[in-house]
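First the structure, in the form of structure tokens, and then the observations on it.
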Amino acid sequence: MTTSGHGGEEIWFEVQLSVPWVVAGTTGVQDVINIAVSEVGKRVNQTSARYSEIVVQDVACPSCGYEYEAALSTTDFALVVVTVLAQFKAASAEESSRIAKRELGVRMKDIPLTVLGVRRASLAVEEPAVETASEPDAVTDAPSGDRPESDASRSSSSAR
């Protein structure tokens with residue numbers, strides 16, 4: 001399935017879904033989170049997604065605004081809300097969200113999947129590297145006698 005019915009190329013889209021996951025019979029909140037991420041991850045790995053990421057959602061406290069992980073634990077059950085980012089090949093953004101819901105829906109029976117967003121995926125499959133400023137490269141590439149302006153201004157201010 002490399003082309004759609006309209007003759008266009010299929011491309012990769014990153015679909016972001018909200019997944020509420022119920023965990024039974026655990027006591028600690030961190031255990032609940034680990035189990036939920038593991039169980040959702042097993043199901044996401046069974047799909048045709050080329051890349052996926054699972055993150056526990058945060059919720060803000062209504063009175064103070066502090067953000068907590070979206071995990072609610074009671075005596076015997078817990079609810080963890082995770083965000084699944086998965087890349088699917090499709091002809092359009094709408095089709096990619098349908099594919100994501102179809103492929104994950106059969107693996108997560110009776111779990112409401114909410115599409116939070118869809119965007120075109122980058123060409124690279126691996127995670128993006130942390131971007132660094134170009135100044136550190138200038139320091140390593142500069143001859144030993146020459147220093148970039150930022151280093152020279154720091155040394156003059158420390159001499160005062």
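The values are calculated or read from the model by the stated rules, or taken from the named source; none is laboratory data. Owing to the predicted nature of the structure, the values given are computational and were not obtained by experimental measurement. Because the Cβ atoms are built from the backbone with ideal geometry, glycine has one as well, and the counts that use them run over all protein chains shown.
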Next item on the list: Given the conditions (1) among the hydrophobic types (A, V, I, L, M, F, W, C); (2) modelled with pLDDT under 95; (3) within 16 Å of the chain's Cα centre (by Cα), report the number of the one that A60 does not fulfil.
Entry: (3)
Margin query: Which residue is farthest from R50 (Cα to Cα), if the candidates are limited to region 83-99 and must be of a type in the set (A, V, I, L, M, F, W, C) and in contact with a strand residue (DSSP E or B) (Cβ under 7 Å, 6 or more places away or on another chain)?
Written below: A93
Next item on the list: Could you tell me whether S18 is at pLDDT 95 or above, part of a strand (DSSP E or B) and of a type in the set (G, A, S)?
Entry: yes
Note to self: Is it the case, given these coordinates, that R50 is part of a helix (DSSP H, G or I), touching a Lys or Arg at 6+ places or on another chain (Cβ under 8 Å) and either modelled with pLDDT of 95 or more or within 28 Å of S122 (Cβ to Cβ) (or both)?
What the structure shows: no
Next item on the list: Looking only at region 71-98, count how many residues are at pLDDT below 95 and under 15 Å from the mean Cα position of the chain (by Cα).
Entry: 0
Checklist line | Members of region 65-82 that are in contact (Cβ under 8 Å) with a residue 24 or more places away in the chain and surrounded by fewer than 19 Cβ atoms within 10 Å (Cβ to Cβ) | finding: E69, S73, D76, F77, L79, V81
Next item on the list: Quick one: count up the residues across region 30-64 that are touching a helix residue (DSSP H, G or I) at 6+ places or on another chain (Cβ under 8 Å) and either over 23 Å from V106 (Cβ atoms) or surrounded by 16 or more Cβ atoms within 10 Å (Cβ to Cβ) (or both).
Entry: 7
